[in-house]
Every structure is written in structure tokens, then in C-alpha cells.
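The values are calculated or read from the model by the stated rules, or taken from the named source; none is laboratory data. Computed from a predicted model, the values in this text were never measured in an experiment. No Cβ is skipped: glycine too gets one built from the backbone with ideal geometry, and neighbour counts run over all protein chains shown. Surface areas here come from the heavy atoms of the whole protein model, side chains and all, with no ligands, DNA or RNA. Shrake-Rupley method; radii C 1.70, N 1.55, O 1.52, S 1.80 Å.
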Amino acid sequence: MNCHMNDSTADIIIIGGGAAGLMAAAGASKEIGQPHKVVVLEKMPRPGRKIMITGKGRCNFTNAKAWNEFSTHIHPKPNFLKPSFYNLSSQNMMDFLTENGMQSVVERGDRVFPASHMASDVVDTLVRAAVKTGAEIICGKEVEKIIRDENGNIFTIGCTDGSSYSCRRLILCTGGLSYPKTGSTGDGYSWAREMGHKIRPLFPSLTAIVPRGYKENDSKGHIERSRPLTETGRLLCGNQLKNVSLSLIIDGNAVQDEFGDLDFTDGGIEGPIGFRVSRKCVNALINGSKVAALIDLKPAVEENELSERICRLWDEISKDKRNVHKLYKDRYRILLSRILPMSLISAFSSMNPRTDHKSLAHELKNWKMEIVGYVGYERCVVTAGGVSLEEITAKTLESKLVPGLYLAGEILDLDADTGGYNLQSAFSTGYLAGISAATSLKTVR
């Protein structure tokens, strides 16, 4: 990787050295071949910074599901991704990394990780693949402006250090607004807008959603993750619930049901199913709707069966000689200890103060929390919204408004669920954009 370079001309310039940008570089370089020049401009000291923190540093880089099931995890228009995915499927991506020296393992839920479980291996392999095909990756280059010549044939890119670059094909892979410390600060949206593109409303997705009373002085909308927890928040924080159901209620209607694992963190409700409902939840809150989360702690048991089981347990506890002289609240706590994880009892009790042994079954299956806010871009996984898909050709990812301009990755109005879907979308769109840009140059010659 080169970190210093004077004014330069290239055939293809890619702005952004993340997942989409590195795959665009590999696709473009391979397709166009030497001696043509493909350059990646990355403003951070190293490429792939956001990849490094995915999957808690283990990097769940794709999901092995076939398109029919994979596509159900793409929003808002899965079919837009179809040409990109068929050009570079999950299996193709695994093969690509293997060919460049990295082995993969498939885990629960068809999630795919590097065999080493180290995100740095994914980044190193992507960089190696791009450089091997002839791309040049220039770090520490922050772009501040993009100018098209009068004929619209040449893009000139000005950087904050005074250097400039020109190219015939430009690929924007600048990411979204999530995790700004990794370099995702939304620059690409401004450039796309300046070139005439419509930006669909942006909002954080795959983020913590915050129940009422979880954070001190909670307010509606964006709630900083750093805001202190209330006593209820502290009681809930750290609890990890396995195999529960979560229903998202918007304006009184159930709009989404998920089953799996849920975590209470310093941010709010997270974990796989918390993240899955966050997209609709955040969007609803932004639009002023009333939102609630309904947790079923015992989804494998019908309520009447659970009620009978609790009645039997209550009789056993009440008839036990050791409990005969105990107060109701002490016997009730013993009952809870037979049904719930110990770490959850205090929080559940404080949030359901009027529940007794007779109503317990109903509350266990209908633990309702009003949702008032969400953690913003500082810690969300992806940005929803972006450059309108109506203005991009799905088969090439070229702009319909600006010939020679291609867009890929999170800058597009395309996002996905947690579980490897987002990174695969970035890889697939980046690779297709790179190949398309290179192919268009070959046809011009």
C-alpha cells in the first residue's frame, strides 16, 4: 500500500477502502488488466477499519444461505441486489477468499467466519487480492470535492492535502454514517446529492432500542449510549435471554415477530432479535409512532399449559414445611427462581410489580416494554436509507443520471439484517461495480 502520491491520472478511482471499495478494486483490476490503473483513495491510515470491528472482531463476513432465503434479509428492495448477488454469491465470496489464502468456517445460522476468527485476516486477504490484481491503495487521502469536466467524461477529485486525481470512471464506496470513528462520516451522500442524486432518508439500523425508564432522563428519539442507566436499566443490563420471542408493536399493531437470542446491554435491547426489529422500530419512532416490544420468555409453551405448571409449582412451594410461615412475597420469589434465571428476577419483578402467581403465566408470555428511543450512529451497525435505487442500474450499478459514476455498498438505499448479510451485500455490489466500470472502459477503447 502506498501512502503518498502526487497528482495522478487513473482509469478508475474508487473512493473508500472498506468492504465494497476493496472488492470493487479487485473486480475492476481483474477485469481491465494491466497496464490500466485502478486506484483506491482511503482517508483512514488503513483500509477496512469497519470490517475490523464486525462480529465483535471475529467478522461474520457472509451468510451461506441461497438467494431465496438470503433475499428475505435485504431491505427495502431485495431484487435490486439480485444481479450483484448472482455475480458474486456467498459461496463465490468464500471461494474468492480461499483462493487468496484465507479459510472459512460455517457456524450456526449459516453464518460464515474466517477460520481464525480474526477480522484482520479478512481485511488482509481483501487487500492482498486487490493489490495482486494491480490495484493501488492509497491511505490517508481524504477527498473533499469531486468535479466533472464540461463534457462529463473526466472526474477530478480534490483531496484535503492539496493533491488531486482524475479518472474516466468513478466508484463511490464511502459507506454510511455508522461508527464514524472508522471513517464512515457520510461524505458520499453529499457528493451524490451534488451530482443530482436523491438521498432517501437516513436512519440508524441494527442498533440498540431503548425501553422507557431504562436510561436516566430518557427522551423520545436518539438517546446517547453514554447516558447513565436507571436502576431498572442496571438490573436488566447484562442479561442474555436464549430462545425467546420478540414482537414489535407499532401503533397497537404487531408488525414483526422474531425468535432467538436477546441481550440487554448498556445501550438497551440488542442481540440478534433486538437488532432484527430495530430497523422498523427506529423508523417508526422517527415518524412519531407509538412503539412497544412484547417479549415471550416461554415461547415453547402455551399460556394455559404454563399457567397449570405454575399452579402446581405454587402448591408445592406453599405446602413445603420450610415455607409455611414465609410471607407471600418470599414464596413468590421462590416461585420465580424456579422459572426465571436468577439474574433476571429483580428486573422482572420491578417492571411487573402487580403480578402474582395467578397472573404470572400471562406476564411471562407478554412482557411489554414501551420503546422510547434508540442508540444512534455512534454505535449502530449500519445506516438505512441512502442514494435512491431508482436512479441506479441494478445490473451494472452505474448511475442513470451521471454516466461513468458507479455506487456500491452502504451509500445505497440498501441495508440488511445482522448475520453476514450486510457485508455480503457490500462485497457483491462492490465487485459488480468494479467489473462494470472496467467493462465499460474496454468497450470504449
Residues with amide H under 5 Å from that of residue 62, placed H, sequence gap 5 or more:
112
Per-peptide average of other Cβ atoms within 10 Å, ordering 433-442, 248-257, 343-352 highest first:
433-442, 343-352, 248-257
Taking only Cα atoms of region 310-379, the Rg to Rh ratio with Kirkwood Rh works out at 1.13
Could you tell me what percent of the accessible area of the chain is made up of carbon and sulfur, with a 1.4 Å probe and every protein chain present?
49 percent
How much mean residue ellipticity at 222 nm does the chain get from its helices, if each DSSP H run of length 4 or more adds -39500 (n - 2.57) and you divide by all residues, to the nearest 500 deg cm²/dmol?
-10500 deg cm²/dmol
For region 243-397, compute the number of Lys pairs whose alpha carbons are separated by less than 23 Å, excluding pairs fewer than 8 positions apart on the same chain.
18
Kirkwood Rh in Å, taken over all unlike Cα pairs in region 223-269:
12.1 Å
With r defined as the distance between the Cβ atoms of residue 350 and residue 77 and R0 fixed at 45 Å, what FRET efficiency is calculated, to the nearest 0.05?
0.55
Test item: Cα-centred dipole of region 59-184, Lys/Arg +1 and Asp/Glu -1 on Cβ, debye:
280 debye
Region 186-257: relative contact order from alpha carbon pairs under 8 Å, six or more residues apart, as a whole percent, is 17 percent
Report relative contact order for the chain in percent, whole number only (criteria: Cα-Cα under 8 Å, sequence separation at least 6).
26 percent
How big, on average over all directions, is the shadow cast by the Cα convex hull of region 12-52, in nm²?
2.8 nm²
When Lys and Arg each count +1 and Asp and Glu each count -1, what net charge do the other residues less than 12 Å away from residue 334, Cβ to Cβ, add up to?
+3
Acute angle (nearest 10 degrees) that the helix 119-132 long axis makes with the longest principal axis of the chain, alpha-carbon atoms
10 degrees
Going toward the positive end of the dipole of region 132-252, with +1 on Lys and Arg Cβ and -1 on Asp and Glu Cβ, which of 164, 207, 191 do you reach last?
207
The convex hull of the Cα atoms of region 118-179, divided by residue count, gives a volume in Å³ per residue of 120 Å³
For the chain, the charge dipole (Cβ of Lys, Arg +1; Cβ of Asp, Glu -1; about the Cα centre) points to a positive end, and the Cα of 125, 180, 86 closest to that extreme belongs to 180
Label-zone membership for region 182-201, site residue 401, 7 angstrom Cα→C-beta point, backbone N under 18 Å
186-201
I'd like to know which of 377, 272, 336 lies farthest towards the positive end of the charge dipole of region 256-378, counting +1 on Cβ of Lys and Arg and -1 on Cβ of Asp and Glu.
336
With each pseudo-label sitting 7 Å past Cα toward Cβ, what's the residue 254-residue 359 distance in nm, one decimal?
2.1 nm
What's the whole-number percent of alpha carbon pairs in the chain lying beyond 35 angstrom?
37 percent
Starting from the Cα gyration tensor of region 83-162, multiply each eigenvalue by 5, take the square root, and state the resulting semi-axes largest first in whole Å.
34, 17, 12
Can you tell me the length gained on complete extension of the stretch residue 342 to residue 309, counting 0.36 nm per residue apart and subtracting the Cα distance?
10.0 nm
Over region 187-336, volume per residue of the alpha carbon convex hull, in Å³:
152 Å³
Tell me, how many Å apart are the Cα centres for region 283-329 and for region 340-376?
8 Å
Anchor residue 50: aspartates and glutamates whose Cα lies under 14 Å away (excluding residues fewer than 8 positions away in-chain)
42, 121, 124, 378, 410
For residue 194 and residue 145 in one chain, what is 0.36 nm times their gap in residues minus the Cα-Cα distance, to one decimal in nm?
16.6 nm
Taking every alpha carbon pair in region 388-445 and sorting the distances into 10 angstrom bins from 0 up to the bin holding the longest one, the percent per bin comes out as 24, 51, 21, 4, 0
Angle, helix 328-339 long axis vs. longest principal axis of the chain, Cα atoms, 0 to 90°, nearest 10?
40 degrees
What number comes out for the charge environment of residue 323, summing +1 per Lys or Arg and -1 per Asp or Glu over other residues with Cβ under 10 Å away?
+2
Specify the inter-centroid distance of region 86-114 and region 154-230, based on alpha-carbon positions, in whole Å.
28 Å
Rounded to whole Hz, the Karplus (6.51, -1.76, 1.60) HN-Hα couplings of region 370-380, x for glycine and proline:
6, 9, 10, x, 8, 7, x, 4, 4, 9, 6
The percentage of Cα-Cα pairs in region 21-138 separated by more than 25 Å is 26 percent
What Rg and what Dmax come out for region 354-394 when only alpha-carbon atoms are used, in angstroms?
20.5, 60
In sequence order, what are the phi-derived ³J(HN,Hα) couplings for region 271-284 according to the Karplus relation 6.51 cos²θ - 1.76 cosθ + 1.60 with θ = phi - 60°, rounded to whole Hz, with x for glycine and proline?
x, x, 7, x, 5, 5, 8, 5, 4, 5, 5, 4, 4, 5
With labels modelled as points extended 7 Å from the Cα through the Cβ direction, what inter-label distance (nm, one decimal) is found for residue 242 paired with residue 87?
4.3 nm
Determine, at each q value in 0.10, 0.17, 0.22, 0.25 (inverse angstroms), the log₁₀ of I(q)/I(0) that the Debye formula gives when each Cα of region 165-261 is one equal point scatterer.
-0.49, -1.03, -1.26, -1.34
